[in-house]
1. Looking at segment 45-85, which of its residues are more than 20 Å from the chain's Cα centre (by Cα) and of a type in the set (Phe, Trp, Tyr)?
2. Checking residue 186 against (1) surrounded by fewer than 21 Cβ atoms within 10 Å (Cβ to Cβ); (2) under 28 Å from residue 99 (Cα atoms); (3) at pLDDT below 95, only one condition comes out false. Which one?
3. Please report, ordered by residue number, the strands (runs of 3 or more DSSP E) entirely within segment 308-349 with at least 1 residues that are touching a residue at least 40 places away in the same chain (Cβ under 8 Å), acidic (Asp, Glu) and surrounded by 12 or more Cβ atoms within 10 Å (Cβ to Cβ).
4. Quick one: which residue in 102, 133 is farther than 22 Å from residue 188 by Cα, small (Gly, Ala, Ser) and touching a residue at least 12 places away in the same chain (Cβ under 8 Å)?
5. Among the candidates 187, 199, which residue alone is over 25 Å from residue 84 (Cα atoms), touching a helix residue (DSSP H, G or I) at 6+ places or on another chain (Cβ under 7 Å) and not acidic (Asp, Glu)?
6. From the list 196, 160, 164, exactly one residue is part of a strand (DSSP E or B) and free of Cβ contacts under 8 Å to residues at least 40 places away in the same chain. Which is it?
7. Given the criterion among the basic types (Lys, Arg) and either surrounded by 13 or more Cβ atoms within 10 Å (Cβ to Cβ) or part of a loop (DSSP other than H, G, I, E, B) (or both), identify the matching residue among 471, 439.
8. Among the residues of segment 397-415, is there at least one that is assigned to a helix (DSSP H, G or I), in contact with a strand residue (DSSP E or B) (Cβ under 8 Å, 6 or more places away or on another chain), outside the structural domain of residue 81 (by TED's automatic domain parsing) and free of Cβ contacts under 8 Å to residues at least 24 places away in the same chain?
Amino acid sequence: MPRLKRSSLFLRWTFAVIVAWAIPEVGLADTPMETLRRSVVRIYTVAQTPDYSAPWDPGGSQEGWGSGFIISGQRILTNAHVVSNARFITLEKENDARRYEGRVKFIAHDCDLAMLEVVDAAFFQGTSALKLGDVPALDSVVTVLGYPIGGDRLSVTRGIVSRIDYRGYAHSGVDSHLVVQIDAAINPGNSGGPVIQDNQLVGVAFQGFSGIVAQNVGYMIPTPVVARFLKDVADGHYDFYVDVGFQYFPLINATHRRALGLAPGDYGVMVGEVFRAGAAHGYLQTGDVLLAIDNRPIFADGRVALDNDRLMLNEVVERKFKGDTVALKLLRQGQEQTVRMPLSTPWPYLMQANQYDVRPRFLVFGGLLFQPLSSSFYAALQTKTVLLRYYYTQFFEDELYLEHPEVVVISKVFPDPTTSYLDGFVNSIVDQVNDVKIRTMSDLAAAFARPAEFYVIRLVDDPQPLVLEARAAKEARERIFRQYGISQEAYLEDSFVPLEWVQAQPKK
């Protein structure tokens, strides 16, 4: 009996120890912060950046770290710049030493967001999903979670919302969207991490200034942009942002307002240039005065009342999708009218956008390397001619795309007997081959594929033609490829120019 009694006491003591050990863990897991910790992931990538000076070369690889977070449906969100050009991705979660292989499911370079999926669904065991909240109010406190500076433990910082604005996204270099400025530190590795308020997602940490430019200034992508991305990819495809495709300027000057027949007040903006590749072409005219967009009055500084704030009128269109329409109330030659126009993406601006997840387009023929003008190609150039600078900087504004949807450049001349005295043509822009207009790289490939004794290449703003003998170019091909390590003759995919748009333009 005594032995049995001692055993019972031991069992009760053991049970009490187990309960005492377990209860704090259960309580700890139930705290809001612990729930949030289970939603944040660490992302490791191996990326490969193409070499635009040798476009057939796949380029070198680099390792990188970033942050991400889990939302409903076992989906992981992060920044596009965290996983751009990635060839291998692994994911880690708190209190788990294992790395799980991940893949990019959708990526949106124009708003710097990406959705990942995990190969092994067991990754989501013990995790929690974040819910989307609203845009945080000015002067409210937010919490930033992530893995900055390559640390392997979760970092938590707090900051104050100091500004809600419409500004450029550094990843694409050309797109502007809604942003929220906070004074919490956003360092390398924080990118893609969640910004939290009241235990809900209110933004995605994505960019900031260096300490030289500004102190304690970081930016997050707010939930309207996140929600739009999620809605866009719901059909299994990302369609990019739409845009109205026109410029406008404020009508604050009282004299200007009187000349237009406008009463004093804080309303109305004037339409400037209307781009022919944009949605507004055929609907708006230079000089129109815009009074309202989707029944929202437009203030004289180009803002509208939205989300209990005054935001740029662009934000109304920002929340629409390909195929949607927008209604514009306007004053034209003293008469009020309303136009409803379908929205689209003005593709020519992509020429200046940073490029990711695509291979460089090129063609090698007769010892010459031809490439289309793009942001990545332009950045790789050692020297830039005045003509190239003009075509690059003014491609959209001066509508140079109407004649040259792709600006085809002779980027390199490989020294060979067939290319003697041709060095002076480097960085020239191709206009014609044997009197055939060259509007795209595909046009160039087709021109060289046509049988001819000589190929006469005429250049933009240069009266001197470049002449290649077909037979000599063909004979030199293997020799040039072997001597300069060229592994591929051409790559013509991944163009940002819509083929249907090119085909619809009248031939000159």
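1. Hit for segment 45-85 is 56, nothing else.
2. For residue 186, the exception is condition (1).
3. 309-312
4. 133
5. Testing whether each residue is over 25 Å from residue 84 (Cα atoms), touching a helix residue (DSSP H, G or I) at 6+ places or on another chain (Cβ under 7 Å) and not acidic (Asp, Glu) leaves just 199.
6. 160
7. Residue meeting the stated conditions: 439.
8. Checking segment 397-415: not a single residue is assigned to a helix (DSSP H, G or I), in contact with a strand residue (DSSP E or B) (Cβ under 8 Å, 6 or more places away or on another chain), outside the structural domain of residue 81 (by TED's automatic domain parsing) and free of Cβ contacts under 8 Å to residues at least 24 places away in the same chain.
The values are calculated or read from the model by the stated rules, or taken from the named source; none is laboratory data. Predicted model only: the values in this text are computed from it and were never measured. Please note: Cβ atoms are built from the backbone with ideal geometry, for glycine as well, and neighbour counts cover all protein chains shown.
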